[in-house]
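I have a structure I would like to understand better, so I am pasting it below and will then ask my questions one at a time.
The values are calculated or read from the model by the stated rules, or taken from the named source; none is laboratory data. None of the values given here were measured: they were computed from a predicted structure. Backbone-built Cβ (ideal geometry, glycine too); neighbour counts: all protein chains shown. Calculation scope for accessible area: heavy atoms of the full protein, side chains included, ligands and nucleic acids excluded. Shrake-Rupley method; radii C 1.70, N 1.55, O 1.52, S 1.80 Å.
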Amino acid sequence: MVAGIKTDIQVADDTIAMIVGIAATSVGGVSALGEGVTFKALPHIGSNSLKKGVIIEKDDNGNNLVVRITIVIKQGYDIKKTCFNIQEKVKESIEQMLDKKVEEVCVRVAKVD
């Protein structure tokens, strides 16, 4: 906080979902989010697609988050290890960028590519 100035920064859920999408698709073994959106395809399809398959839940004060994400995993990857890596990457990204506590990251594997 700057001396004498009250700061109140709010981050939209869409922005948080975008951070989650970028973090999740950067993990090896993740083929796509939700309905098949990949990070590599982002320039061609638009950034809104990275939010598909991501749900953000906040507590009453908005500082503690639960993230729910649906992914498509590449064939041959260890599902348990990949999901753990996603959980760690998403938690780390949100906590570093937004200074918010991530209580839980739930990963749902929709299918194997």
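Can you tell me the order of 88-97, 18-27, 66-75, 53-62 when each peptide is scored by its average per-residue count of other Cβ atoms within 10 angstrom, highest first?
In descending order of packing, they fall as 18-27, 66-75, 88-97, 53-62.
Further question: With every protein chain present, what accessible area does LEU98 have (1.4 Å probe, heavy atoms only), rounded to the nearest 10 Å²?
Roughly 30 Å² of LEU98 is accessible to a 1.4 Å probe.
Hey, another quick one. What is the distance, in nm, between label points placed 7 Å from the Cα along the Cα-to-Cβ direction at LYS52 and at ALA110?
Result: 0.7 nm between the two label points.
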